[in-house]
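Since the structure comes first, as structure tokens, the remarks are kept for the end.
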Amino acid sequence: MVGALVYARAWWNDRRVSFTDFVPSGNQGVDPELYDIENAAIDPNGSMWQELVKQATWVGKTLVDLGCGSGWWLPKYEEAAELYGIEPDPSLLDTARSRTDRATVLAGSAEHVPLPDNSVDVVHARFAYFFPHPNFDPTAGLVEVARVLKPGGSLIVIDNDTEQGEFAALLRESAYGDLQGNTTYARSWWEEHGADTIEVMSSWQFKTRYDLERVLHLEFSPEFADRWLRENPDRTSLSYGYLLHVWQKPSLHEAEEKP
Ligand SMILES: C[S@@+](CC[C@H](N)C(=O)[O-])C[C@H]1O[C@@H](n2cnc3c(N)ncnc32)[C@H](O)[C@@H]1O
């Protein structure tokens, strides 16, 4: 019955013109193939992935990759019992669906998750929607995620650390860092909303210098990318700090204890 409801919503959502909270992404949405190269460079030593596993296991559970883009990460959740990718950009849905048969990819967004109440154990949002900023308050998305999470379930938001690591320095100096919100603001926002923030230091490691050059040009202005490349000849990697904001829906027991 739940399956039929999910597929009916999927059919309807695929035909929606757009989701009101959809903001087309300036990297993934512009050049999905190049964004695959960027994704392949992320976290070569697995430190961020290990922290995700430690914070909320998805083995035998239901996991949602919210704002899954073209679905690069979906095949990596093979141990989940049920796997959903949710993505508002209609141009990315077919590729996301082609990544693995194990995932159900649905049109949706952080504020419109087409899944039933209390049905999901773990939600990951990787560089998607949850960018708290003085001009953007993502509370509506958090309320929607809380609706679909089971009591005791977890939301983990994978975010950039704009304070630690070489990528953070790039973000701080470029115009784009400010658009994404700074670490201090994001940390306070999540703390006020009951989440813990965990710092993870990892890196970007590209196979070739050419790949790094192209990705820097995808993420930053040409002048800015070229300057960094001139100042850092021969580099194919850089250190990259992540922030994992971990929010947990109160368990039934905890909810009962509250007045
Ligand atoms: C930078 S991309 C990251 C994609 C994917 N999470 C990854 O890491 O490969 C940001 C994604 O968020 C999606 N997005 C935009 N608005 C959104 C919203 N309101 N809710 C959820 N996802 C959204 C974009 O369409 C895009 O796919």
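Things worth noting here:
- Cα gyration tensor category, rounded, prolate or oblate, for region 90-169 with a/c compared to 1.5: oblate
- Binned Cα-Cα distance frequencies in the chain - 10 Å width, integer %: 7, 30, 37, 20, 5, 1, 0
- Percent of Cα-Cα distances greater than 22 Å, calculated over region 140-220: 40 percent
- Comparing mean-square fluctuations of Asp234, Asp101, Asp43 from a GNM of the chain with C-alpha springs under 10 Å, the top value falls on Asp234.
- Residue of Gly46, Gly69, Gly29 that the Gaussian network model of the chain assigns the largest fluctuation, springs spanning Cα pairs under 10 Å: Gly46
- The angle between the Cα long axis of helix 183-192 and the main principal axis of the chain comes to about 10°, on a 0 to 90 degree scale.
- Charge context of Val215, other residues only, Cβ under 12 angstrom, K/R +1, D/E -1: -4
- Selected from Ala169, Ala146, Ala186 as most flexible by GNM, with the chain as the system and alpha-carbon contacts under 10 Å: Ala169
Just so you know, all these numbers are worked out from the coordinates, no wet-lab data involved. Nothing here was measured: the structure is a model prediction, and the numbers come from that model. Glycine also receives a Cβ, built like all others from the backbone with ideal geometry; neighbour counts cover every protein chain displayed.
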